[in-house]
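This is the structure, below, for whatever I ask next.
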Number of protein chains: 2
Amino acid sequence: MNEFMRAALDEAKKGLREGGIPIGSVLVVDGVIVGRGHNRRVQQGSTIKHAEMDCLESAGRLRAATYRKSTLYSTLSPCDMCSGAVLLYGIPKVVIGENMNFKGPEEYVRDRGVDVTVLNDQECIELMSDFIEKNPGLWNEDIGQ
Amino acid sequence: MNEFMRAALDEAKKGLREGGIPIGSVLVVDGVIVGRGHNRRVQQGSTIKHAEMDCLESAGRLRAATYRKSTLYSTLSPCDMCSGAVLLYGIPKVVIGENMNFKGPEEYVRDRGVDVTVLNDQECIELMSDFIEKNPGLWNEDIGQ
């Protein structure tokens, strides 16, 4: 597994150990991780801190030119909110661990010019499917269902 | 002015007094304000706390059925990220103070089934245009430019 998806998966597992939803994300600029995050719905009672949002906040206030050369890695296909954050900041590339357990608006994001790659990595798939099986209510809450 | 847009505008002015970007938002359910927020880029160094996001977080973890009967008020047209949050949670109605200073993906949001109303209220327009004129760099940062 790519080192950056590995780092995103490490974030997801950290979230799971905290009792949270196991989704992780990192933001990479010039080959360096500048932001890391994981879903904090349970831990902070936050409805906006999906992994990608937590990651983008942790990266701090970056220049537009920096976002324009960044790549966002996420263990799970970004939802409408997180995809919107990618579009807001003009992040040109998104690498997704898997979209078997959930698929966000990938086609719309591609249509808006973003390079979207889906790995469908087995470890990412199993981490999420195990969690969803055990916590269907929490999972549905996280995706607004 | 509608009492809920007035409350959103009060949030925007609160943000301005704090030295922040004057955009405010409230979430209304059954005629009651259940969440309030304003942009906190400056105050918290947050890149994800646009007014609508701050408002949604302040409302806490709501049931899907509650979001489905809510209305989000914002003094300014929601950007891609905040529009995505509306879609994630299935908020059926958005009332926008103005879209003269910035226009988010309103048509896309309408195409996804959301009832979007734009007031183009003069007080909302002037608050934002005055701020942008005085703080162009900060404003551009907030919209990823």
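The values are calculated or read from the model by the stated rules, or taken from the named source; none is laboratory data. All values reported here derive from a predicted model rather than from experimental measurement. Glycine gets a Cβ as well: all are built from the backbone with ideal geometry, and neighbour counts include every protein chain shown. Quick note on the areas: whole protein, heavy atoms, side chains included, nothing else; ligands and nucleic acids left out. Shrake-Rupley method; radii C 1.70, N 1.55, O 1.52, S 1.80 Å.
Considering only the label points, 7 Å along Cα→Cβ from Cα, what distances in nm to one decimal separate B:Ile33 from the same position in each other copy, shortest first?
Relative to the other copies, B:Ile33 has label-point distances of 4.1 nm.
Which residue fluctuates the most in chain B, going by a Gaussian network model with Cα springs under 10 Å, if the choices are B:Leu72, B:Leu62, B:Leu127?
B:Leu62
Further question: Choose one answer from B:Asp80, B:Asp121, B:Asp30: the residue with the largest mean-square fluctuation in a GNM of chain B with alpha-carbon springs under 10 Å.
Sorting by GNM fluctuation, first place goes to B:Asp30.
What net charge is computed for the residues neighbouring B:Cys55, neighbours being all others with C-beta under 9 Å from the C-beta of B:Cys55, Lys and Arg scored +1, Asp and Glu -1? Please list the in-between numbers first.
Working: positive: B:Arg36; negative: B:Glu11, B:Glu52, B:Asp54, B:Glu57.
That works out to -3.
Give me the percent relative contact order of chain B, please, defined on Cα pairs under 8 angstrom at least 6 residues apart.
Values: 296 pairs, mean separation 26.7, N = 145.
Normalised by residue count, the contact order of chain B is 18 percent.
For the range A:3-143, with all protein chains present and a 1.4 Å probe, just round the carbon and sulfur fraction of the accessible area to a whole percent.
Details: 2520 of 5390 Å².
C and S atoms contribute 47 percent here.
Here is a further query. Could you tell me the center-to-center distance, by alpha carbons, between the range B:59-77 and the range A:23-88 in angstrom?
When both Cα centres are located, 23 Å separates them.
Per DSSP H run of n ≥ 4, the term is -39500 (n - 2.57); total these for chain B, divide by its residue number, and report the mean residue ellipticity at 222 nm rounded to 500 deg cm²/dmol.
On the way: 8 runs with 66 residues, N = 145.
Taken over chain B, the calculation gives -12500 deg cm²/dmol.
Provide the three semi-axes, in whole Å and in decreasing order, of the ellipsoid equivalent to the range A:3-143 as defined by the square roots of 5 times the Cα gyration tensor eigenvalues. Display every interim value, and only then the final one.
Values: eigenvalues 99, 49, 39 Å².
They are 22, 16, 14 Å, listed from largest to smallest.
Let me ask something additional. With point charges of +1 on the Cβ of Lys and Arg and -1 on the Cβ of Asp and Glu, referenced to the Cα centre of the range A:1-109, which listed residue (A:Ile33, A:Gly20, A:Phe4) lies farthest in the positive direction of the dipole?
Of A:Ile33, A:Gly20, A:Phe4, it is A:Ile33.
Here is a further query. If you put a point 7 Å past Cα along the Cβ direction, how far is that point for A:Asn120 from the same point in each other copy, in nm, smallest first?
4.8
Right, another one. If we hang a label 7 Å off Cα along the beta carbon direction at A:Pro92, how far is it from the matching labels on the other copies, in nm, shortest first?
Inter-copy label distances (nm, one decimal, shortest first): 4.3.
In addition: As a test, work out the antiparallel percent of DSSP beta bridges whose residues both lie in the range A:3-143, rounded to the nearest 5. Working shown, then result.
Numbers: 11 of 19 bridges.
Bridges in the range A:3-143 are about 60 percent antiparallel.
Now, a different point. Tell me the total accessible area that A and B bury against each other, 1.4 angstrom probe, in square angstrom rounded to 100.
Numbers: alone 7080 and 7060 Å², together 11350 Å².
In total, this chain pair buries about 2800 Å².
Classify the range A:75-135 as rounded, prolate or oblate from the Cα gyration tensor: take a ≥ b ≥ c as the square roots of its eigenvalues, call it rounded if a/c is under 1.5, otherwise prolate when a/b beats b/c and oblate if not.
Working: a/c = 2.76, a/b = 1.98, b/c = 1.39.
Prolate shape, in that a/c is at least 1.5 and a/b is the bigger ratio.
Over the range A:3-143, with the other protein chains present, what is the accessible area per residue in square angstrom, probe 1.4 angstrom? Please list the in-between numbers first.
Numbers: 5390 Å² over 141 residues.
Per-residue accessible area for the range A:3-143 comes out at 38 Å².
Between beta-carbons, use under 15 Å as the cut-off and find the net charge around B:Ser46, counting Lys and Arg +1, Asp and Glu -1. Mind showing how you got there, number by number?
Working: positive: A:Arg40, A:Lys49, A:Arg61, B:Arg40, B:Arg41, B:Lys49; negative: A:Glu52, A:Asp54, A:Glu57, B:Glu18, B:Glu52, B:Asp54, B:Glu57, B:Glu141, B:Asp142.
With Lys, Arg at +1 and Asp, Glu at -1, the net is -3.
Another one. By Cβ position, which chain A residue lies least far from the axis that rotates chain A onto chain B, and what is the distance to the nearest whole angstrom?
Value returned for chain A: A:Gly84, 1.
Note down the accessible area of A:Lys14, probe 1.4 Å, to the nearest 10 Å².
A:Lys14 exposes around 90 Å² with every protein chain in place.
Which whole-percent values make up P(r) of the protein assembly as shown when all C-alpha to C-alpha distances are grouped in 10 Å steps starting at zero?
Over the protein assembly as shown, the share of Cα pairs per 10 Å bin runs 7, 31, 36, 21, 5, 0 percent.
Among A:Gly60, A:Gly113, A:Gly84, which one moves the most in a GNM of chain A with springs linking Cα atoms closer than 10 Å?
Ranking A:Gly60, A:Gly113, A:Gly84 by mean-square fluctuation puts A:Gly60 first.
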